[in-house]
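J.: This is the structure I want to talk about, given as structure tokens.
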Amino acid sequence: MNGTLYVVATPIGNLEDLSPRARQTLADVDLIAAEDTRHTGRLLLHFGVKTRLLALHDHNEADRAGTVIDALRSGQSVALVSDAGTPLISDPGYRVVQAAHKAGIRVSPVPGPSALAAALSVAGLPTDRFCFEGFLPSKQKARRDRLAGLAGEPRTLVFYESVHRVPDCVDDMIEVFGEDRRACISRELSKLHEQVQLASLAELRAQLEAGGIKSKGEFVIVVAGSDRAAQSSLDIDTLLSELAGKLPDKEVARILARATGAKRNAIYRRLLELASLRSQ
């Protein structure tokens, strides 16, 4: 008889956020597949759990998935955990869960902490509909292209971001979304130095520059969706391709900025990029 794969949420900061059920599951299973065995080992030590650990991360998941499935097929139960929060949410585990389903193995969630849900709950922005984008690209051009594609998105947007890229990320959001777009930066959620700041993107950038928002820890950026309902169906690149050559470039940028809410100079820059690509 197959074992069960438990997808177990672990604390994002405060260890006391580990649920009693999660603690019991980690103690009862035969194996814990962990993103970082050292990190998870400290958690287990804190709670007196001695279950065997197996490293399973982005670089070895394709290979280790088979090991986990073999253990489950032999009747062992396995817990899948990430470094913090709910596994698979911008964390490894997708291949293992997919393989378990394919093998007819039961997959059961053990819900708990999630930086995504925690940040949304305190952001003060609409949460009835939202769009989770995970981490944005590290390179500015790719990051701005991704943001440009989201400029007309009416749902609240949620991003994870590395601490050293937060100022540049906010600068790009100002460039693409406009400085008045409301956003919330959450830092070190559930930890001792937790910060939650809701303001315009311009105000948040000023706080980052002044040190009011510390450049340390884990960040989640929640951004208000576009308030122009018609934007959701607009594909800026498609429109640029359709209008290019039919009107002066600056006129195209002006029209699309008005239609989508994106910054005119961001659209103009994208128009030039697309023209360069076509000429290659």
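The values are calculated or read from the model by the stated rules, or taken from the named source; none is laboratory data. Quantities reported herein were computed from a predicted structural model and do not represent experimental measurements. Cβ placement follows ideal geometry from the backbone for every residue including glycine, while neighbour counts extend to all protein chains displayed.
J.: Please find, among Phe135, Phe159, the residue that is in contact (Cβ under 8 Å) with a residue 24 or more places away in the chain, closer than 15 Å to Ala84 by Cβ and aromatic (Phe, Trp, Tyr). Working first, answer last.
T.: On the way: Phe159 fails: closer than 15 Å to Ala84 by Cβ.
One residue alone meets the criteria, Phe135.
J.: If you go through region 90-125, how many residues are of a type outside the set (D, E, K, R), out of contact with any strand residue (DSSP E or B) (no Cβ under 8 Å at 6 or more places or on another chain) and more than 15 Å from Thr25 (Cα to Cα)? Give the steps one after another, and end with the answer.
T.: The first filter runs over region 90-125 and keeps only residues of a type outside the set (D, E, K, R), leaving 90, 92-94, 96-101, 103-105, 107-125.
If we keep only those that are out of contact with any strand residue (DSSP E or B) (no Cβ under 8 Å at 6 or more places or on another chain) as well, we get 92, 94, 98-99, 103-104, 111, 117, 121.
Now narrow it down to the ones that are more than 15 Å from Thr25 (Cα to Cα): 92, 94, 98-99, 103-104, 117, 121.
Residues that pass the stated criteria total 8.
J.: For region 64-138, list the strands (runs of 3 or more DSSP E) that sit wholly inside it and hold at least 2 residues that are in the same structural domain as Ser162 (by TED's automatic domain parsing); which are they? First the steps, then the outcome.
T.: Details: elements: 78-81, 106-110, 130-135.
Output list reads 130-135.
J.: Determine which member of the set Leu234, Leu256, Leu240 is modelled with pLDDT under 80 and either at negative phi or exposed (fewer than 12 other Cβ atoms within 10 Å of the Cβ) (or both).
T.: On the way: Leu256 fails: modelled with pLDDT under 80; Leu240 fails: modelled with pLDDT under 80.
Selected residue: Leu234, the only one of Leu234, Leu256, Leu240 that is modelled with pLDDT under 80 and either at negative phi or exposed (fewer than 12 other Cβ atoms within 10 Å of the Cβ) (or both).
J.: If a residue has to be free of Cβ contacts under 8 Å to residues at least 60 places away in the same chain and either surrounded by fewer than 11 Cβ atoms within 10 Å (Cβ to Cβ) or closer than 16 Å to Val97 by Cβ (or both) to count, how many in region 31-41 make the cut? Before the answer, list the steps.
T.: Quick first cut of region 31-41, residues free of Cβ contacts under 8 Å to residues at least 60 places away in the same chain only: 31-32, 34-41.
Narrowing the set further to residues that are either surrounded by fewer than 11 Cβ atoms within 10 Å (Cβ to Cβ) or closer than 16 Å to Val97 by Cβ (or both) leaves 31-32, 34-35, 38.
So the answer is 5.
Residue-by-condition table, conditions (1) farther than 30 Å from Asp17 by Cα; (2) touching a residue at least 24 places away in the same chain (Cβ under 8 Å):
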site	(1), (2)
Ala183	no, yes
Ser200	yes, no
Gln207	no, no
Ile236	yes, yes
Ala275	yes, yes
Ser279	yes, no
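J.: Which helices (runs of 4 or more DSSP H) does region 142-250 wholly contain that include 2 or more residues that are touching a strand residue (DSSP E or B) at 6+ places or on another chain (Cβ under 9 Å)? Explain how you work it out, then say what you get.
T.: On the way: elements: 166-177, 201-210, 236-243.
Answer list for region 142-250: 166-177, 201-210.
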